[in-house]
Amino acid sequence: MSNDLIAISKEYNKQMIKKWGKDSQIVKTISEMAELSSILCDYLLYGEKTDWKNEDKNLKSKIESEIADVLITVNSLLVIFDEKKVSTHITFKLLRVITRLKEYEKCHT
Ligand SMILES: [Mg+2]
């Protein structure tokens with residue numbers, strides 16, 4: 001997601017939170033994550049071109065749409081919760097993954 005889209009998304013999320021409240025945005029985020037989870041299960045069960053609920057639509061395109069919903073709503077969580085602390089967690093977790101990848105490479109070369 002580009003920085004421009006993140007900034008735009010954050011601005012509209014602020015407006016939505018002001019209008020409908022934090023709880024509403026948190027519930028919406030949970031709902032969007034559930035929709036993405038469900039469609040990913042369908043993808044693994046039936047493959048990308050088989051959508052038994054809507055035969056004319058490609059599952060891959062629906063997944064991409066649900067990913068967009070999740071990214072937008074997760075951005076609202078960054079307005080509600082402490083974005084700087086989330087960034088700290090991201091940095092820590094990415095460094096941990098890098099370390100694990102290097103250890104894996106050492107063991108498998
Ligand atoms: Mg959705």
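Here, each number is a calculation from the coordinates, and none is a lab measurement. What you see is a predicted model, and the numbers here were worked out from it, not measured in a lab. Because the Cβ atoms are built from the backbone with ideal geometry, glycine has one as well, and the counts that use them run over all protein chains shown.
Key figures for this structure:
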| item | result |
| --- | --- |
| Exceeding the 31 Å Cα-Cα cut-off - candidates 10/106; 18/60; 19/84 | 10/106; 18/60 |
| Convex hull per residue volume in Å³, alpha carbons only, for the chain | 152 |
| Over 21 Å between alpha carbons, listed pairs 22/85; 14/93; 22/62 | 14/93; 22/62 |
| Sparsely packed chymotrypsin sites (Phe, Trp or Tyr not before Pro) within the stretch 13-109, loop by DSSP, other Cβ within 10 Å at most 13 | 52, 81 |
| Once exposed loop trypsin sites (Lys or Arg not before Pro) are cut out (DSSP; at most 13 other Cβ, 10 Å), longest piece of the chain | 58-109 |
| Low-density loop cleavage sites - GluC sites (Glu not before Pro) in the stretch 1-49, where at most 15 other Cβ are within 10 Å (DSSP) | 48 |
| Exposure proxy order (Cβ contacts within 10 Å, fewest to most) of 88, 109, 29 | 109, 88, 29 |
